[in-house]
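Working notes, structure below.
The values are calculated or read from the model by the stated rules, or taken from the named source; none is laboratory data. As the structure is a computational prediction, the values presented were derived from the model and not from experiment. With ideal geometry, Cβ positions are generated from the backbone for all residues, glycine too; neighbour counts draw on all protein chains shown.
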Amino acid sequence: MRTTVVLTLTSFAAAMVVGTVVAAFRVSPVPPLRAAGAVWVQMLRNTPLTVLLLLFVFGFTKIGLQYSFEVSSVIVFGAYTSAFVAETVRSGINAVARGQAEAARAVGLTFPQILGIVVLPQAFRTVVAPLGNIFIALTKNTSIAAIISVLELTEVADRLNNATARPIPVFLGAAVAYLVLTLPSGFAFGWLERKVAIRR
Amino acid sequence: MPEQPLVVLAGVNKWFGDLHVLRDIDLSVERGEVVVVIGPSGSGKSTLCRAINRLEPVQEGTITIDGVPLPEEGKELARLRADVGMVFQSFNLFAHKTVLDNVTLGPRKVRKRSKADAEALGMQLLERVGIANKARAYPAELSGGQQQRVAIARALAMEPKVLLFDEPTSALDPEMIKEVLDVMLELAREDGTTMVVVTHEMGFAKSAARRVVFMDEGRIVEIAPPDRFFSHPESERARDFLSKILAH
Ligand SMILES: Nc1ncnc2c1ncn2[C@@H]1O[C@H](COP(=O)(O)OP(=O)(O)O)[C@@H](O)[C@H]1O
Ligand SMILES: [Mg+2]
């Protein structure tokens, strides 16, 4: 359970950072950046996570990229999730009234300042709920690390089952353990959403 | 040598796709002058304002502010834009920031003033537009008239060379129009602020403007002092337009 929590939190942190940068690329005035952002999102969003993980762990070692299975999992989960974060943040950016960025331009702020000071803070507030969904999906997706024997919740349950041959209590227990993680996350994001809502 | 005008548009043409929205615009605004721009909806008044601080690029012609031609998009343009204040019809206050933060953002991030310094300036300006008691409020807690006065303070905080107003009172309830016009009148009369104001408020034009610019279909059709323009417009189109807005 601890491994699952650590995997989820580190991957989510990475995904938020990378996803936000990619979203910024996608709305930037520089066409090559926009294209790079789009490629990143479409490649990662449209490939199965399992395939990405196997490709990274077994494929990329061939070209010299070798990390522990845990670190590899964080990289792959983070990158995969960043595509969804990027799309969500971008939708948040688009939901921020046009006039906001315009007023910021008129004041003389530069593009990075406009994004960082005016647009993103408002964009994040509108996408707390979808980011919560992404977080919950990620929590569950970390179970895929079991295929490369990372000792997270699902792998632990699998081994326990192999040892005890009692699949019903073991996997039911695993399911409950995921619920123990995801339900409070859902509530936490709901609370955050209400707390940061902008009055209009 | 006579002082050069503060804002000079020469041979400006702009298209949105096939739509020719600004046609051969030549216009100079002197230091301390107030110019009112008037014309039917869709005649290009907003686009003219937006072109002056380069929120919209133009395809032909030059626009110079204080002798400096507007550069391409980028850091330098951002700096120049800071010298041109803009007040929008829909206020566009930063929704997630307090009134005071709205006003101090530019001075701090663009002019690199210290927080204390910017806040002192901000409070002074809020005082001037009569809204200092709302410094800690958020935009959504203010009436439209109050928001627009904050927007004016925000523009003034950059100590701009020229202020552009794009229909600053047309989104306001009638009872709030006066409070905003009063602030603008004071800027014009007492501070000698250079202003380009798109408005159909004739009272304001008459008491503040040196010249009225009448636009139609992307062209400047007529430029005249307000008294003459409103009593004896030269062009047929201006007469036609005035009869329509005077009808109600
Ligand atoms: N971003 C835009 N894209 C395409 N057409 C536009 C855009 N902005 C304005 N226009 C068109 O340009 C013309 C002039 O608009 P505008 O400058 O807003 O006029 P006004 O402020 O005098 O009502 C109108 O026909 C309008 O529909
Ligand atoms: Mg307009």
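Being within 16 Å of ligand 2 (Cβ to nearest atom) and small (Gly, Ala, Ser) is the filter here, so list the residues in the range B:68-97 that pass it.
The first filter runs over the range B:68-97 and keeps only residues within 16 Å of ligand 2 (Cβ to nearest atom), leaving B:86-92.
Matches in the range B:68-97: B:SER90 only.
Do we find that B:ILE177 is within 13 Å of another protein chain (Cβ to nearest Cβ), within 17 Å of the chain's Cα centre (by Cα) and either among the aliphatic types (A, V, I, L, M) or surrounded by fewer than 20 Cβ atoms within 10 Å (Cβ to Cβ) (or both) in this structure? No: the conditions fail for B:ILE177.
Restricting attention to the range B:1-24, which residues are more than 16 Å from ligand 2 (Cβ to nearest atom), of a type outside the set (Asp, Glu) and assigned to a strand (DSSP E or B)?
At the first step, the residues of the range B:1-24 found to be more than 16 Å from ligand 2 (Cβ to nearest atom) are B:1-13, B:15, B:17-18, B:20, B:23-24.
Cutting the leftovers down to of a type outside the set (Asp, Glu) gives us B:1-2, B:4-13, B:15, B:17, B:20, B:23.
Across the range B:1-24, the qualifying residues are B:VAL7, B:VAL8, B:LEU9, B:ALA10, B:GLY11, B:VAL12, B:ASN13, B:TRP15, B:HIS20, B:ARG23.
The set of residues in the range A:165-187 that are in contact with a helix residue (DSSP H, G or I) (Cβ under 8 Å, 6 or more places away or on another chain) and more than 23 Å from A:GLU155 (Cα to Cα) contains only A:GLY186.
Of all residues in the range B:129-150, one or more are over 21 Å from B:ARG50 (Cα atoms), basic (Lys, Arg), more than 9 Å from every other protein chain (Cβ to nearest Cβ) and in contact with a helix residue (DSSP H, G or I) (Cβ under 9 Å, 6 or more places away or on another chain).
Could you grab me the full set of residues in the range B:99-127 that are closer than 26 Å to B:SER170 by Cβ and either surrounded by fewer than 19 Cβ atoms within 10 Å (Cβ to Cβ) or at the interface with another protein chain (Cβ under 8 Å from one of its Cβ atoms) (or both)? So that I can check it myself, show each step before the final result.
Pass one, the range B:99-127, residues closer than 26 Å to B:SER170 by Cβ: B:99, B:102-103, B:105-106, B:125-126.
Those that are closer than 26 Å to B:SER170 by Cβ and either surrounded by fewer than 19 Cβ atoms within 10 Å (Cβ to Cβ) or at the interface with another protein chain (Cβ under 8 Å from one of its Cβ atoms) (or both): B:LEU105, B:GLY106.
Tell me the strands (runs of 3 or more DSSP E) entirely within the range B:164-248 that contain at least 2 residues that are farther than 22 Å from B:ILE52 by Cα.
Of the strands (runs of 3 or more DSSP E) lying wholly inside the range B:164-248, none has at least 2 residues that are farther than 22 Å from B:ILE52 by Cα.
Of all residues in the range B:40-67, count the ones that are away from ligand 2 (no atom under 13 Å from the Cβ) and more than 14 Å from every other protein chain (Cβ to nearest Cβ).
Restricting attention to the range B:40-67, the residues satisfying the condition of being away from ligand 2 (no atom under 13 Å from the Cβ) are B:52-54, B:57-67.
If we keep only those that are more than 14 Å from every other protein chain (Cβ to nearest Cβ) too, we end up with B:58-64, B:66-67.
So the count comes out to 9.
A single entry from B:VAL213, B:VAL196, B:VAL221 fulfils the requirement of being modelled with pLDDT of 95 or more, out of contact with any Leu (no Cβ under 7 Å at 6 or more places or on another chain) and not polar (S, T, N, Q): B:VAL221. Applying the set (1) over 20 Å from B:GLN4 (Cβ atoms); (2) buried (at least 17 other Cβ atoms within 10 Å of the Cβ) to B:GLN59 leaves exactly one unmet item: (2). On the stretch given as the range B:187-209, residues that are touching a residue at least 40 places away in the same chain (Cβ under 8 Å) and out of contact with any helix residue (DSSP H, G or I) (no Cβ under 8 Å at 6 or more places or on another chain) total 2.
Filtering the range B:208-228 to residues that are within 17 Å of the chain's Cα centre (by Cα) and away from ligand 2 (no atom under 16 Å from the Cβ) leaves B:ALA208, B:ALA209, B:ARG210, B:ARG211, B:VAL212.
Here is a yes/no grid of residues against (1) touching a Ser or Thr at 6+ places or on another chain (Cβ under 8 Å); (2) in a helix (DSSP H, G or I); (3) within 14 Å of chain B (Cβ to nearest Cβ):
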| site | (1), (2), (3) |
| --- | --- |
| A:LYS62 | no, yes, no |
| A:GLN66 | no, no, no |
| A:SER73 | yes, yes, no |
| A:PHE77 | yes, yes, no |
| A:THR81 | yes, yes, no |
| A:PHE84 | no, yes, no |
| A:ARG90 | no, yes, no |
| A:ALA101 | no, yes, yes |
| A:LEU109 | no, no, yes |
